[in-house]
1. Could you count how many residues in the range 152-171 are more than 18 Å from D100 (Cα to Cα) and either in contact (Cβ under 8 Å) with a residue 60 or more places away in the chain or open to solvent by less than 50 Å² (accessible area, probe 1.4 Å) (or both)?
2. Please give the strands (runs of 3 or more DSSP E) falling wholly within the range 179-297 in which 2 or more residues are surrounded by fewer than 19 Cβ atoms within 10 Å (Cβ to Cβ), in contact (Cβ under 8 Å) with a residue 40 or more places away in the chain and of a type in the set (A, V, I, L, M).
3. Just checking, how many residues over the range 112-151 are open to solvent by less than 20 Å² (accessible area, probe 1.4 Å), closer than 20 Å to L56 by Cα and assigned to a helix (DSSP H, G or I)?
4. Collect the residues in the range 66-95 that are surrounded by 18 or more Cβ atoms within 10 Å (Cβ to Cβ) and under 30 Å from R172 (Cβ atoms), keeping them in residue-number order.
5. When the range 1-27 is examined, which residues are found to be surrounded by 15 or more Cβ atoms within 10 Å (Cβ to Cβ) and either at pLDDT 75 or above or assigned to a helix (DSSP H, G or I) (or both)?
Amino acid sequence: MSDPQNLPPNGLSYKQAGVDIDAGNALVEAIKPAVRSTRRPGADGEIGGFGGLFDLKAAGFTDPVLVAANDGVGTKLKIAIETGNHDTIGQDLVAMCVNDIIVQGAEPLFFLDYLATGKLDVAQATAIVTGIAEGCRIAGCALIGGETAEMPGMYHGNDYDLAGFAVGAAERGTLLPRADIAEGDVLVAIASSGVHSNGYSLVRKIVELSGLAWTADAPFAPGQSLSEALLTPTRIYVKPLLAALKSGIAIKALAHITGGGFIDNIPRVLPDHLAAHVDLAAVTVPRVFGWMSKVGGMSEREMLRTFNCGVGMLVAVAPDDAARLVEQLTAAGETAAVVGQLTARTGEPVTFQGALAL
């Protein structure tokens, strides 16, 4: 047993053990304006209570089914940590959750975050949560609470981790995929903003192979450093897709193209008797994917199973509504194009023609 005489004169404090309660309180005060900016019908409370509240009736729902999703940002965080750029990583966190909510045909309503670190840096954490609030504003959902955990010994140096939790709702009977999804339905691709938030363990390995520093000019993005280009935040598709659904366009299914790429994500929303046939030549591939493919010597199939390759969301829509959907998405600021159709499944759930322009 340690000699009590070696203790500080007034005994140990939590701060001396590595946890600063005052810093936590300062963070709560610092982020209150950002949190308030995400208020929406159904959520107008202050953070700081033991739980966040949401009123479904005030949000306009009659007979809702709740849809929940949670996710993280993965090792994209390492780039933010190594470069000290934390402004947009929170938007990634929100995007990964709310894009999964809209895939079900549901409206994201509220969001909660979890930030874990070895030592709380109030300025850094404020930047992270401000980014989370920005993502919530883009998605139209309220940031109603969260948790910041300071855990010395669990995380070292500047390391931290993020997790996010989103809840949405849809009126009963309106969830996707629809039961009438059928052979001949058209596939419309909505462009990604880049790599989004998947495959970054491989991205970082490719950067290592390239020999480039994070501060070097990005070979695929003139005017940006490599880190700036690779930290481009994940696009949030909620509002344009909600508008399309509410306009009566016959959207049959949505697939969020995340980890697993085309090959693993598209089958998640298809019944066993249908396959997706994709014309890869119709996909506009951002230059970052061509650069990574070249530096990493990656096959097209590996690219298709790891990255979004330029398609952040894939929509299955009735043939008669395909042109209207593309027009409406374009008017909303998205880049959309027809890239295939649903066929009878005779083998693989996703088949391809053409080649990616890597």
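1. Step one: of the range 152-171, the residues more than 18 Å from D100 (Cα to Cα) are 152-161.
Pick out the ones that are also either in contact (Cβ under 8 Å) with a residue 60 or more places away in the chain or open to solvent by less than 50 Å² (accessible area, probe 1.4 Å) (or both) and you get 152-153, 158-161.
Of the residues in the range 152-171, 6 are more than 18 Å from D100 (Cα to Cα) and either in contact (Cβ under 8 Å) with a residue 60 or more places away in the chain or open to solvent by less than 50 Å² (accessible area, probe 1.4 Å) (or both).
2. Working: elements: 186-191, 251-256, 274-279.
Of the strands (runs of 3 or more DSSP E) lying wholly inside the range 179-297, none has at least 2 residues that are surrounded by fewer than 19 Cβ atoms within 10 Å (Cβ to Cβ), in contact (Cβ under 8 Å) with a residue 40 or more places away in the chain and of a type in the set (A, V, I, L, M).
3. 2
4. Across the range 66-95, the qualifying residues are V67, A69, D71, L93, V94, A95.
5. Residues satisfying the conditions are A23, G24, A26, L27.
Residue-wise test of (1) in contact with a Ser or Thr (Cβ under 6 Å, 6 or more places away or on another chain); (2) more than 20 Å from L245 (Cβ to Cβ); (3) among the β-branched types (V, I, T).
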position: V103; (1), (2), (3): no, no, yes
position: A142; (1), (2), (3): yes, yes, no
position: N158; (1), (2), (3): no, yes, no
position: V167; (1), (2), (3): no, no, yes
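The values are calculated or read from the model by the stated rules, or taken from the named source; none is laboratory data. Small disclaimer: the values here were computed from a predicted structure and weren't measured. Every residue, glycine among them, receives a Cβ derived from its backbone with ideal geometry; neighbour counts consider all protein chains shown. Calculation scope for accessible area: heavy atoms of the full protein, side chains included, ligands and nucleic acids excluded. Shrake-Rupley method; radii C 1.70, N 1.55, O 1.52, S 1.80 Å.
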